[in-house]
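S.K.: Please find one structure pasted underneath; my questions will follow.
The values are calculated or read from the model by the stated rules, or taken from the named source; none is laboratory data. All values reported here derive from a predicted model rather than from experimental measurement. Neighbour counts run over all protein chains shown; Cβ positions are idealised from the backbone, glycine included. When the accessible area is computed, the model is the full protein with side chains, heavy atoms only, and any ligands, DNA or RNA have been set aside. Shrake-Rupley method; radii C 1.70, N 1.55, O 1.52, S 1.80 Å.
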Amino acid sequence: MGRPFTFPDRTIVVTGGANGIGYALAERFLAEGAARVVLADLDGERAAAAAAELGARAQGYQLDVTDAEAVAALIEEVERDSPIDLWCSNAGVTTGGGLGSDADWDRTWRVHVLAHVYVARLLLPRMVERGGGHLLITASAAGLLTNIDSAPYSVTKHGAVALAEWLAILHGDEGIDISCLCPMGVNTAMTAKDGPDAATRLGGDYLEPEDVAQSVVEALNEGRFLILPHPKAAVMEQRRASDRDRWLAGMRRARARLKGGSGR
Ligand SMILES: NC(=O)c1ccc[n+]([C@@H]2O[C@H](COP(=O)([O-])OP(=O)(O)OC[C@H]3O[C@@H](n4cnc5c(N)ncnc54)[C@H](O)[C@@H]3O)[C@@H](O)[C@H]2O)c1
């Protein structure tokens with residue numbers, strides 16, 4: 001277990017914070033007493049509007065998490081006023097289904113893996129130097145299991161989980177805590193296109209972003225690495241680990257049943 005994270009007086013950055021899970025995290029962190037929450041999003045206008053909705057302790061910034069220079073500039077800008085205690089590396093993208101184009105692989109790799117590497121390079125050394133800090137990486141249950149629909153999404157989310165584990169091993173004894181958020185389906189713009197029968201197709205219920213934020217706050221309070229808002233993801237991961245061939249056969253049956261449904 002890592003160190004428990006407490007919210008009062010903290011400065012927190014949430015990428016992809018203008019919408020969906022990121023917005024719900026920001027809202028909940030403020031309710032828990034955070035001093036300052038920065039919503040950083042590719043959609044700068046929506047980030048500013050979201051921050052205005054959340055009140056004076058929220059700030060909106062335009063940020064492309066795949067632009068290392070822009071990430072460095074934002075860290076510099078935020079830390080001029082207060083050191084960042086928690087960075088939520090949450091921005092994510094979807095692709096079309098199947099094996100994907102080179103452009104799909106490039107985009108998902110940059111957003112789901114390299115963006116976290118940039119934060120690890122640029123912010124974690126500062127946190128180590130001041131003796132503490134927390135990085136939350138939003139991966140996905142697709143990063144522990146699979147996403148039946150999209151190879152680039154599935155593989156890059158596995159990369160995100162692997163990177164989070166690697167960072168936790170590297171920095172755990174330096175006062176840095178890493179958490180890895182792995183939800184199954186959540187009702188956001190990302191999954192809106194799945195349609196009304198999506199939860200049935202996925203064989204599980206969709207959660208609301210606020211439910212995910214609840215799981216995140218509980219896990220951070222406990223200093224836990226792996227955050228599974230859908231408890232069944234833990235059972236499925238155990239089944240996968242205990243008999244890979246059986247798990248693959250089950251996934252093939254699920255794929256046939258679902259006829260190409262997604263599982264972000
Ligand atoms: N919704 C789900 O079912 C689900 C399940 C598991 C994991 N996730 C993950 O949760 C995270 C949040 O997704 P969401 O469901 O809230 O989706 P969302 O589409 O509501 O929010 C994603 C946000 O990321 C921003 N973004 C995209 N590319 C960016 C970039 N290059 N730089 C900065 N911001 C960028 C978007 O503008 C958007 O505001 C993602 O990493 C996603 O992969 C979602």
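S.K.: Let me check against my output: what whole-number percent is the relative contact order of the range 11-258, with C-alpha pairs under 8 Å and at least 6 apart? Walk me through the numbers on the way to the answer.
M.R.: Details: 438 pairs, mean separation 41.8, N = 248.
Relative contact order comes out at 17 percent.
S.K.: Could you quote the convex hull projected area for the chain, Cα atoms only and averaged over all directions, in nm²?
M.R.: Details: hull surface 53.0 nm².
Approximately 13.3 nm², given one-decimal rounding.
S.K.: A further question on this structure: Carbon and sulfur: what percent of the chain's accessible surface (1.4 Å probe)?
M.R.: On the way: 6230 of 11920 Å².
With neighbouring chains kept in place, the figure for the chain is 52 percent.
S.K.: Which Cα, out of TRP247, ALA72, ALA24, lies furthest along the positive dipole direction of the chain (beta carbon charges, K/R +1, D/E -1)?
M.R.: TRP247
S.K.: Please list 3J(HN,Hα) in residue order for the range 74-90, calculated via the Karplus relation 6.51 cos²θ - 1.76 cosθ + 1.60 where θ = phi - 60°; whole Hz, with x for glycine and proline.
M.R.: 3J(HN,Hα) across the range 74-90, in whole Hz: 5, 4, 4, 4, 5, 6, 4, 9, 7, x, 7, 8, 9, 10, 9, 8, 10.
S.K.: Given the C-alpha centroids of the range 126-165 and the range 35-89, what is the distance between them in whole angstrom?
M.R.: Here the answer is 20 Å between Cα centres.
S.K.: Return the long-range amide H neighbours of GLY133 (sequence gap of 5 or more, or a different chain), with a cut-off of under 5 Å between placed amide H atoms.
M.R.: ASP177
S.K.: Please report the equivalent ellipsoid semi-axes of the range 47-160, computed as sqrt(5 x eigenvalue) of the Cα gyration tensor, largest first, in whole Å. Don't jump to the answer; show the numbers that get you there.
M.R.: On the way: eigenvalues 157, 55, 34 Å².
Semi-axes (√(5λ), whole Å): 28, 17, 13.
S.K.: Using 7 Å Cα-to-Cβ label points, what is the ARG121/ALA49 separation (nm, one decimal)?
M.R.: 3.4
S.K.: Now for a different question. Taking the Cα centre of the range 11-258 as origin, work out the dipole magnitude from +1 charges on Lys and Arg Cβ and -1 charges on Asp and Glu Cβ, in debye rounded to 20.
M.R.: Values: 23 positive and 34 negative charges, 209 e Å.
It comes to approximately 1000 debye.
S.K.: How much accessible area per residue does the range 11-258 have, counting only protein heavy atoms and a probe of 1.4 Å, in square angstrom?
M.R.: Details: 10910 Å² over 248 residues.
Ligands and nucleic acids excluded, the figure is 44 Å² per residue.
S.K.: For n ≥ 4 DSSP H runs only, could you compute -39500 (n - 2.57) per run for the chain, divide by its residues and tell me the 222 nm figure to the nearest 500?
M.R.: -14500 deg cm²/dmol
S.K.: Would you work out which of THR11, GLY97, ALA168 lies farthest towards the positive end of the dipole of the range 11-258? Charges go on Cβ: Lys and Arg +1, Asp and Glu -1.
M.R.: The Cα lying farthest towards the positive end belongs to GLY97.
S.K.: Still on this structure: Measuring from label point to label point, each 7 Å out along Cα→Cβ, what is the VAL128 to ASP102 span in nm?
M.R.: Modelled inter-label distance: 3.6 nm.
S.K.: If you stretched the chain out fully between ALA56 and ARG255, how much longer would it get, using 0.36 nm times the residue separation minus the C-alpha to C-alpha distance?
M.R.: On the way: separation 199, 0.36 × 199 = 71.64 nm, distance 4.69 nm.
Taking ALA56 through ARG255 to full extension adds about 66.9 nm, to one decimal.
S.K.: Efficiency by 1/(1 + (r/R0)^6): what FRET value for ASP9 and ALA192, r their Cβ-Cβ distance, R0 = 35 Å, to the nearest 0.05?
M.R.: Values: r = 36 Å, r/R0 = 1.03.
With R0 = 35 Å, the Cβ-Cβ based efficiency is 0.45.
S.K.: A further question follows. Under 16 Å from a point 7 Å along the Cα-to-Cβ line of ALA70: which residues of the range 134-155 have their amide N that close?
M.R.: none
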